[in-house]
Amino acid sequence: MNDITNQSVLERHLKIVGTRPLRPDGVDKVTGRAQFGADIHLPNMLVGKVLRSPHAHARIKSIDISKAQALPGVKAIVTAADFSDLPSEFIPAGEMMVNFRDMTRNIMAREKALYEGHAVAAVAAINEAVANQALNLIEVDYEVLPHVMDVDEAMAPDAPLLHDNMFTIGVEPKPAKPSNIAKRVEFALGDLAAGFAKADVVIEREFLTRPVHQGYIEPHACVARVSEDGQAELWCTTQGQFIVRGFCAKLLGMEVSKLKVTPSEIGGGFGGKTVVYLEPLALALSRKACQPVKMVMSRTEVFRATGPTSGARMWVKIGATKDGRITAADAVLKYQAGAFQGSPVQPGCMCAFAPYDLENVRVVGYDVVVNRPKVAAYRAPGGPIAEYAVESVIDELALRLKLDPIEFRLKNAAKEGTKAAYGPKFGPIGLVETLKAAREHPHYATPLKKNQGRGVASGFWFNIGGDTCATLNLGEDGTVSLVAGTPDIGGSRASLAMMAAEELGVPLDKIRPSIGDTSSLGYNFLTGGSRVTFSSGMAVVEAARDMVRQLRERAARMWEVPVDSVIWEDGCARIAEAGVAEFKSMSLAEIAKTAGKTGGPIVANAAINATGAGPSLATHVVDVEVDPETGKVTVLRYTAIQDAGKAVHPSYVEGQMQGGAVQGIGWALNEEYIYDAKGRLENPGFLDYRIPVCSDVPMIDTVIVEVPNPRHPYGVRGVGETPIVPPMGAIANAVAHATGVRFTELPMSPPRVLAAIDTAAATR
Amino acid sequence: MSKHHVTTTINGDPAEFLCSTEQTLLDVLRDVLYLTGSKEGCASGDCGACSVMLDGRLVCACLVLGVEAQGKRIETIEGMAHGDKLHPLQQKFLEHAALQCGVCTPGFLIAAKALLERNPDPSETEVRYWLAGNLCRCTGYDKIVRAVIDAAKEMRAA
Amino acid sequence: MAKVILSGTLRQLAGGIEEVEVDARDVRQLLRILGERFPELGPHLDSGYAVAIDGEIFQDAWFAPIRPDSEVHLVPAIRGG
Amino acid sequence: MDYKTPRSVEEAVDLLTTHTGAAHLLAGGTDLLVKLRAGMAAPDLVIDLKSIPRLRGIESSPSGFRIGAATSCAEIGEHDGLKAAWPGVVEALKLIGSTQIQGRATLGGNLCNASPAADSVPALIAAGAVCEIAGPAGTREVPIENIVTGPGRTALARGEFVLAFRLPLPRARSGDAYLRFIPRTEMDIAVVGVGVAVTLDASGVCAQARVGLGAVAPTPLLVADAARALIGSRVDAQALNALAKAVSAACKPIGDKRGTIDFRIKVAGVLARRAAQTALQRAKAT
């Protein structure tokens, strides 16, 4: 529990928070000096490589490593046999509930290979060539089994089963037969039938989305070094050094204190680097070889074997009255989990209708396993899929009711006190503000030409807090080193240092922020859930306030006055009372100089479970042009509007909004996993997995709305995830208006768009 | 097959290395010479994270064999700043917050530098098409394009 | 007594009961009492549920205070990417 | 894997003919290096052709242009004479990959990789380009449309390789254009590619035409019916529709991750019409 109140901070004049200074880690990143996962070299280092299943679903009858073992230069080989099996129960790993039976099978296939690219064995050798030779010498005897890729097929009673021990949770009576449906979840409010009875217009649609990958430019990479006594070090690119430590320690049967994990700079994560793939394998190989082992994924491996987010089939039904009030909303969401349970269908259900104030609502979700890589978190996991479907129906309703889509949303917008479809009442939230800003934005009034259309969509994400530590060490010259435990993906070192400088009243360049390894701080939950500026910021502010208290004490001692009479302003201790003019003030640097003599080094720590995260809502407006002869969709103009609570460093808030919008453009138009009939991925590279390139997109205009989060000392909400929620709906709506054809399938790639236009023309 | 002995020039300095035919220039830069500023994002020429200059031409180091560097001039991100003076593009990338994770940044900077050497006053469209071979997943490109255009302006004034 | 609302899955596990009155001073007590009253719920409450007290969501926060007039919702824990 | 850099054509031919194992030619390397990394090619000898003077650079003479097969697209794209004479060919080869790829990729490689989707080939077919081929029996000349015989296969005999491409000087009142369809604006392989070259007579009637297609059949195509649809017309709406029909009729595409069969057939016609209009404007402008 943290008890930081936001007292008058929100009103008080801020000197640094809200400005746009250069990021403290910037120079290293523009000079190539910054060390990412694959940039680490250790003496006597081996190269580790993974043998992967060529089959989507196959029983592993035997693995013969003898020939590979005999190859000169091969130092270690590991298979599932080198990892102890773990029970199928959700147990806490740090802050997460994890099923380690599934995790140990995902990092290394055990009884069966469950997707193409599933790791089957790993080799450590003196160089890459030898390692690759060794992989070719490993003999795996597979019994190929029928595979299933789509949720509807997987849910069919006669579908091939991935796990014969999986019985659907959340259905009564408890099923007697195993199935591919891991879980059924349901959220409901009010009386649906009564609600739909009140509706003048009801629209019902089915939607299909395909898996999309986070597409971080830096492939997974790590270096492990285990010594003879079992002490281990791991350098890796991750969103959470502490969760990597927790996962690997459990998977390898180590004590967490024996494993020190140092996060490298991270080349993008978007949720995809919140799990482990190579790390436990590198540790196991290094433990066998007693030499450092480096493992780096190829881009192909990243696509075949790491987590995309779910593809889904969805059904949405919404009813409204003539005057534009939604009377009832119903949805069924079926999400692919990949080869192991745990799709983001639950948050998807909770997000689906979250932007709206609804009396009668129900969302049912199914978590379905299929022979694809296990999904990983991807930016607002679950939200974008469900909200794409809902925002499409909302737009169609507005059209049918002849209401402006923004006005229609305003009539139904969730606000402070609204009971969310998933239960609790919202505190202060900024949806209405983003909708009004969109309506007043010049973009919304710009006329459109032939074959052009404008789309609007809103989006919601919860944001989270969680376990967080931060340390401030005061140097003898009055400068401060800030240590945080949440890897910096998007510039958070800047925002954390800014909050520290604001609190201490010193210039920003007096604070040197860095990200600590697992031995330098207490447990930190990962960088995710848009929590870093909120949670680590909260911890930094708490630590800074504690440092100020210590500084006032030291000054009070030197001045021989009671500490209450010493105040802290502009980086100096001052006497509060009048009439004691001879003690003017004492700067941070002066106090630091004599810290040793006044009681020892000055260090401030905060260790909190940050609570009170505030949801962030957004509204996006997009103009597209559709070539009616080729089906190609061009994004002409894009405006993203979002409630940030408080933008600590507005440039990086804008950056999150722009980056999320463009990832959404890719999701909407071209990104998809394409599998052949055998369940083998046909586009495992950036050539045919088409993420947007620079010439595909326009400038992304941004408007930051600030409805402060009362539970954060600076009013901060998370901003990182919400921006990827609205784009697919906004673009689908824009394409519908440009073509007169409603698209219910992603991506809206040219062949699909052209086929739909031609079909519509033929039936018109 | 014994390794090739290659002598070349990297960022103005003479350099020599041994490599096998299979090794790409990127492998050599990163794993032999430890110049890890050039990144491997795809190893197929699709992401541009390994962009370097080869005899004055912008190329992907992952699509050049190490042995092809014989007698050539190579420029990498490590040679972009002069002493403690950042190149205007590097400075503008910082000022415009044109990087988030930063892994694509060296490639973008090398590619943008090549553009401005040929075209000191590029339009937004020219910048976007020239940089189309450099993937960035964080920024949505907006701030990168602005930084390049602003750097061009400053370099023209200089 | 605080008003506790059970949503979707938890409601099914609690035999369809939607709302219960619980005399709990904090989250830990609440979870213990619910676990006793609805044994089916116990394991699920451990696996990733958060508690929303008067609209504010607390994850893994046993000692978050609950007032007698509080409205409490049990909602799935959110992690995010 | 060995690596050799012959200095002369003879030396290269000799290497190719005497070498017993699998040899692979290297020019720009933008296809070869990807194949090496993917394990799709494992030659024991790589022959780098870039040190052979006769494969480098562009010569223009009264008889036309000679483009060395190992000249980078970036270099060709900077040749003003060629840009003025064959804008369609230049716009096609400038579409091959990113700026980075342009710095390496060559016409020889684009042709001999023998992909049906090679961007430069339909434009070169439309322009009536001829390949200079070196081999054990000396050099011979072959129309470019006769080189590719199937995906990954060419008409080159053992020991043969492409030395250069010859383009005539365009006649008066001629224009060419190339259009391709890709899902994005850059960085994709052509889903459909169409090159059109037309020559008008003094009265503005189309006297000659050539139409090249890419990515719609196992090989790039020269489509005589499509040319006939234009010849004798003023390239008006009626002729353009006939052209689109003829082009679509000539398509024998596969459906794959890049496009469906129907999509390719329809869009080929659409692009042909658009490319012909551009070629016509250019012809009128000369």
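Shown for the range B:4-79 is the translational diffusion coefficient from the Stokes-Einstein equation, using the Kirkwood radius over Cα pairs, a temperature of 20 °C and a viscosity of 1.002 mPa s: 181 µm²/s.
Shielding by partners for peptide A:414-427, expressed as the average number of C-beta atoms from other protein chains within 10 Å of each residue's C-beta, is 4. Taken over the range A:347-467, the alpha-carbon convex hull comes to 169 cubic angstrom per residue. The listed peptides A:646-653, B:14-21, ordered by packing as a protection proxy, come out as A:646-653, B:14-21 (highest mean of other Cβ atoms within 10 Å first). Averaging the sequence gap over all C-alpha pairs within less than 8 Å and six or more residues apart, then dividing by the number of residues, gives chain D a relative contact order of 16 percent. When DSSP beta bridges are restricted to pairs lying wholly in the range D:174-285, around 100% turn out antiparallel.
Counting only alpha carbon atoms, the long axis of helix D:9-18 and the longest principal axis of chain D meet at about 70°. Of the options A:L192, A:A159, A:P175, report the single residue whose Cα projects farthest towards the positive end of the charge dipole of the range A:133-206 (beta-carbon charges: Lys, Arg +1; Asp, Glu -1). The residue sitting farthest along the positive end of the dipole is A:L192. The range A:673-693 and the range A:248-262 have Cα centres lying 35 Å from one another. One chain, two ends: A:S227 and A:D323. Fully extended at 0.36 nm per residue, the span grows by 27.4 nm beyond their Cα-Cα distance. For the range A:661-764, what D do you get in µm² per second when you plug the Kirkwood radius from alpha-carbon pairs into Stokes-Einstein at 37 °C and 0.692 mPa s? Answer from the Stokes-Einstein relation: 199 µm²/s. Using a simple spin-label model with pseudo-atoms 7 Å out from Cα toward Cβ, A:D152 and A:K288 lie 4.5 nm apart. Computed from the C-beta positions of D:R7 and D:A41, the FRET efficiency with R₀ = 25 Å rounds to 0.55.
Inter-label distance, D:D201 to C:R28: 10.0 nm, where each label sits 7 Å from its Cα along the C-beta direction.
Computing FRET efficiency as 1/(1 + (r/R0)^6) for C:E36 and A:E111, where r is the C-beta to C-beta distance and R0 is 41 Å, gives about 0.60.
Size check on chain C: the Cα extents along the three principal axes, sorted descending, read 36, 26, 18 Å. Scanning residues 5 or more positions from A:G466 or on other chains, those with amide H under 5 Å from its amide H are A:A610, A:T611, with H placed 1.01 Å from N in the peptide plane.
So what does the Cα-only Debye profile of chain A read at q = 0.08, 0.09, 0.10 Å⁻¹, as log10 I(q)/I(0), no solvent term? Evaluating at q = 0.08, 0.09, 0.10 Å⁻¹ gives log10 I(q)/I(0) of -0.69, -0.86, -1.04.
Between A:A677 and A:H41, the contour length at 0.36 nm per residue exceeds the alpha carbon distance by 224.8 nm.
Percent antiparallel among DSSP beta bridges with both residues in the range D:99-154, to the nearest 5? Percent antiparallel among DSSP bridges in the range D:99-154 is about 100. Think of it as helices only: each DSSP H run of n ≥ 4 in the protein assembly as shown is worth -39500 (n - 2.57), and spread over all residues that comes to -8500 deg cm²/dmol at 222 nm. Averaging 1/r over every pair of different alpha carbons in chain B and inverting the result gives a Kirkwood radius of 15.9 Å. Most tightly packed first, judged by the mean number of other beta-carbon atoms within 10 Å of their residues, the peptides A:54-65, D:86-97, A:178-189 read D:86-97, A:178-189, A:54-65. Kirkwood radius for the protein assembly as shown, taken over all pairs of different Cα atoms as the inverse mean of 1/r, rounds to 32.5 Å. Sorted largest first, the principal axis extents computed over the alpha-carbon atoms of the range A:193-279 equal 73, 29, 17 Å. The magnitude of the dipole of chain B, with charges of +1 and -1 set on the Cβ of Lys/Arg and Asp/Glu and taken from the Cα centre, is near 240 debye. Once the Cβ-Cβ distance of A:R549 and A:S257 is raised to the sixth power relative to R0 = 22 Å, the FRET efficiency obtained is 0.10.
Treating each Cα of the range D:174-285 as one equal point scatterer and applying the Debye formula with no solvent, the log10 of I(q)/I(0) at q = 0.20, 0.23 Å⁻¹ comes out as -0.92, -1.16. Please compute the modelled spin-label separation between D:D80 and A:D564, points set 7 Å along Cα→Cβ, answer in nm with one decimal. Placing both labels 7 Å along Cα→Cβ, they lie 8.6 nm apart. Considering only A:A734, A:A604, A:P562, the residue lying farthest towards the positive end of the dipole of the protein assembly as shown is A:A734, judged by Cα position with unit charges set on Cβ.
Note on chain D: along the principal axes its Cα atoms extend 57, 45, 33 Å, ordered by decreasing extent.
For A:K597, the lysines whose Cα falls under 30 Å of its own Cα, not counting residues fewer than eight places away in the same chain, are A:K510, A:K584.
Values in this text are rule-based calculations from the coordinates and carry no lab data. Being a predicted model, the structure only gives us computed values, none of them experimental. Please note: Cβ atoms are built from the backbone with ideal geometry, for glycine as well, and neighbour counts cover all protein chains shown.
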